[in-house]
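The structure appears right after this line, and notes come after that.
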Amino acid sequence: MSSQLSHPRLRKSPSDSSSSSSSSPANEGLRHERLSRLKSSGESDASNDTTKNHAESYFSRRENRLSARKKAEEEIAHNDYKKMYEKALATNQRLKSRLETSKQELVVIKEQLQRAQDSRSLRKKISDMEEQVKVKAELHTENQRLKDENGALIRVITKLSK
(Lines give C-alpha, C1' and ligand atoms only; values in the text may rest on other atoms or scores of the structure.)
Protein backbone atom coordinates (compact mmCIF):
# COMPACT_ATOMS: atom_id res chain seq x y z
CA MET A 1 0.00 0.00 0.00
CA SER A 2 2.90 2.33 0.72
CA SER A 3 4.17 1.74 -2.81
CA GLN A 4 0.97 3.31 -4.12
CA LEU A 5 1.77 6.46 -2.18
CA SER A 6 5.27 6.60 -3.67
CA HIS A 7 3.81 6.34 -7.20
CA PRO A 8 0.87 8.79 -7.21
CA ARG A 9 0.42 8.65 -10.97
CA LEU A 10 -0.21 4.90 -10.94
CA ARG A 11 -3.90 4.21 -10.69
CA LYS A 12 -5.54 1.14 -9.40
CA SER A 13 -7.30 -0.75 -12.14
CA PRO A 14 -10.57 -2.66 -11.48
CA SER A 15 -8.68 -5.92 -11.89
CA ASP A 16 -6.35 -4.93 -8.98
CA SER A 17 -9.09 -5.05 -6.38
CA SER A 18 -10.74 -8.21 -7.65
CA SER A 19 -7.61 -10.30 -8.14
CA SER A 20 -6.27 -12.11 -5.14
CA SER A 21 -3.23 -13.63 -6.79
CA SER A 22 -0.70 -11.67 -8.79
CA SER A 23 0.30 -14.64 -10.91
CA SER A 24 -3.19 -15.75 -11.93
CA PRO A 25 -3.70 -16.73 -15.57
CA ALA A 26 -5.87 -13.65 -16.18
CA ASN A 27 -3.13 -11.30 -14.95
CA GLU A 28 -0.48 -13.10 -16.99
CA GLY A 29 -2.71 -12.87 -20.06
CA LEU A 30 -3.21 -9.11 -19.58
CA ARG A 31 0.51 -8.62 -19.09
CA HIS A 32 1.41 -10.52 -22.25
CA GLU A 33 -1.31 -8.75 -24.21
CA ARG A 34 0.04 -5.34 -23.19
CA LEU A 35 3.60 -6.37 -23.96
CA SER A 36 2.63 -7.68 -27.40
CA ARG A 37 0.78 -4.42 -28.13
CA LEU A 38 3.88 -2.51 -27.23
CA LYS A 39 5.97 -4.71 -29.54
CA SER A 40 3.63 -4.32 -32.50
CA SER A 41 3.28 -0.55 -32.22
CA GLY A 42 5.82 -0.05 -35.02
CA GLU A 43 8.48 1.78 -33.01
CA SER A 44 12.15 1.03 -33.27
CA ASP A 45 13.70 -1.88 -31.41
CA ALA A 46 15.62 0.40 -29.06
CA SER A 47 12.51 2.27 -27.95
CA ASN A 48 10.64 -1.06 -27.88
CA ASP A 49 13.25 -2.42 -25.46
CA THR A 50 12.98 0.68 -23.27
CA THR A 51 9.19 0.50 -23.32
CA LYS A 52 9.34 -3.23 -22.70
CA ASN A 53 11.68 -2.73 -19.73
CA HIS A 54 9.45 0.04 -18.41
CA ALA A 55 6.36 -2.18 -18.79
CA GLU A 56 8.06 -5.13 -17.17
CA SER A 57 9.25 -2.88 -14.34
CA TYR A 58 5.71 -1.57 -13.94
CA PHE A 59 4.25 -5.09 -13.84
CA SER A 60 6.95 -6.27 -11.48
CA ARG A 61 6.21 -3.39 -9.06
CA ARG A 62 2.50 -4.05 -9.43
CA GLU A 63 2.95 -7.75 -8.68
CA ASN A 64 5.09 -6.87 -5.66
CA ARG A 65 2.38 -4.48 -4.40
CA LEU A 66 -0.31 -7.11 -4.89
CA SER A 67 1.81 -9.74 -3.20
CA ALA A 68 2.54 -7.43 -0.27
CA ARG A 69 -1.15 -6.55 0.02
CA LYS A 70 -2.10 -10.22 -0.05
CA LYS A 71 0.48 -11.02 2.64
CA ALA A 72 -0.82 -8.15 4.78
CA GLU A 73 -4.42 -9.37 4.38
CA GLU A 74 -3.37 -12.93 5.24
CA GLU A 75 -1.51 -11.65 8.30
CA ILE A 76 -4.57 -9.67 9.40
CA ALA A 77 -6.78 -12.72 8.84
CA HIS A 78 -4.27 -14.88 10.72
CA ASN A 79 -4.24 -12.41 13.61
CA ASP A 80 -8.04 -12.32 13.59
CA TYR A 81 -8.19 -16.11 13.75
CA LYS A 82 -5.54 -16.11 16.44
CA LYS A 83 -7.52 -13.56 18.47
CA MET A 84 -10.73 -15.53 17.97
CA TYR A 85 -8.93 -18.73 19.00
CA GLU A 86 -7.47 -17.08 22.09
CA LYS A 87 -10.87 -15.63 22.98
CA ALA A 88 -12.53 -19.03 22.52
CA LEU A 89 -9.77 -20.64 24.60
CA ALA A 90 -10.28 -18.09 27.40
CA THR A 91 -14.05 -18.59 27.28
CA ASN A 92 -13.57 -22.35 27.36
CA GLN A 93 -11.26 -22.07 30.37
CA ARG A 94 -13.72 -19.79 32.15
CA LEU A 95 -16.57 -22.21 31.47
CA LYS A 96 -14.47 -25.15 32.68
CA SER A 97 -13.78 -23.24 35.88
CA ARG A 98 -17.47 -22.48 36.34
CA LEU A 99 -18.32 -26.12 35.67
CA GLU A 100 -15.80 -27.27 38.29
CA THR A 101 -17.23 -24.79 40.81
CA SER A 102 -20.75 -25.98 40.02
CA LYS A 103 -19.68 -29.60 40.49
CA GLN A 104 -18.21 -28.76 43.90
CA GLU A 105 -21.37 -26.90 44.88
CA LEU A 106 -23.43 -29.88 43.75
CA VAL A 107 -21.40 -32.22 45.97
CA VAL A 108 -21.94 -29.89 48.95
CA ILE A 109 -25.67 -29.63 48.24
CA LYS A 110 -25.97 -33.41 47.90
CA GLU A 111 -24.26 -33.82 51.28
CA GLN A 112 -26.64 -31.28 52.83
CA LEU A 113 -29.60 -33.07 51.25
CA GLN A 114 -28.37 -36.40 52.58
CA ARG A 115 -27.98 -34.91 56.07
CA ALA A 116 -31.44 -33.35 55.79
CA GLN A 117 -32.91 -36.67 54.68
CA ASP A 118 -31.09 -38.43 57.52
CA SER A 119 -32.30 -35.76 59.90
CA ARG A 120 -35.85 -36.11 58.58
CA SER A 121 -35.55 -39.88 58.94
CA LEU A 122 -34.29 -39.50 62.50
CA ARG A 123 -37.11 -37.07 63.31
CA LYS A 124 -39.60 -39.58 61.93
CA LYS A 125 -38.07 -42.34 64.03
CA ILE A 126 -38.17 -40.12 67.11
CA SER A 127 -41.79 -39.25 66.34
CA ASP A 128 -42.65 -42.95 65.95
CA MET A 129 -40.88 -43.79 69.21
CA GLU A 130 -42.66 -40.97 71.05
CA GLU A 131 -45.95 -42.36 69.71
CA GLN A 132 -44.98 -45.84 70.91
CA VAL A 133 -44.07 -44.41 74.36
CA LYS A 134 -47.52 -42.74 74.53
CA VAL A 135 -49.22 -46.01 73.54
CA LYS A 136 -47.16 -47.92 76.13
CA ALA A 137 -48.03 -45.35 78.78
CA GLU A 138 -51.73 -45.66 77.89
CA LEU A 139 -51.46 -49.46 77.92
CA HIS A 140 -49.64 -49.35 81.25
CA THR A 141 -52.35 -47.08 82.69
CA GLU A 142 -55.08 -49.33 81.26
CA ASN A 143 -53.29 -52.41 82.61
CA GLN A 144 -52.99 -50.82 86.06
CA ARG A 145 -56.69 -49.88 85.99
CA LEU A 146 -57.60 -53.44 85.03
CA LYS A 147 -55.39 -54.84 87.84
CA ASP A 148 -57.05 -52.54 90.33
CA GLU A 149 -60.48 -53.48 89.02
CA ASN A 150 -59.54 -57.17 89.10
CA GLY A 151 -58.37 -56.81 92.72
CA ALA A 152 -61.61 -55.11 93.64
CA LEU A 153 -63.64 -57.86 91.99
CA ILE A 154 -61.62 -60.51 93.83
CA ARG A 155 -62.34 -58.76 97.15
CA VAL A 156 -66.06 -58.55 96.33
CA ILE A 157 -66.15 -62.22 95.36
CA THR A 158 -64.25 -63.14 98.52
CA LYS A 159 -66.73 -61.22 100.73
CA LEU A 160 -69.65 -62.79 98.94
CA SER A 161 -68.32 -66.28 99.34
CA LYS A 162 -67.92 -65.98 103.15
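Whether a residue is among the charged types (D, E, K, R) and within 30 Å of Glu33 (Cα to Cα) was assessed, and Glu63 passes this test.
Residue-by-condition table, conditions (1) within 21 Å of the chain's Cα centre (by Cα); (2) at pLDDT 95 or above; (3) closer than 30 Å to Leu30 by Cα:
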residue	(1), (2), (3)
Arg65	no, no, yes
Arg69	no, no, yes
Ser102	yes, yes, no
Lys110	no, yes, no
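The values are calculated or read from the model by the stated rules, or taken from the named source; none is laboratory data. None of these values were measured; they are calculated from a predicted model.
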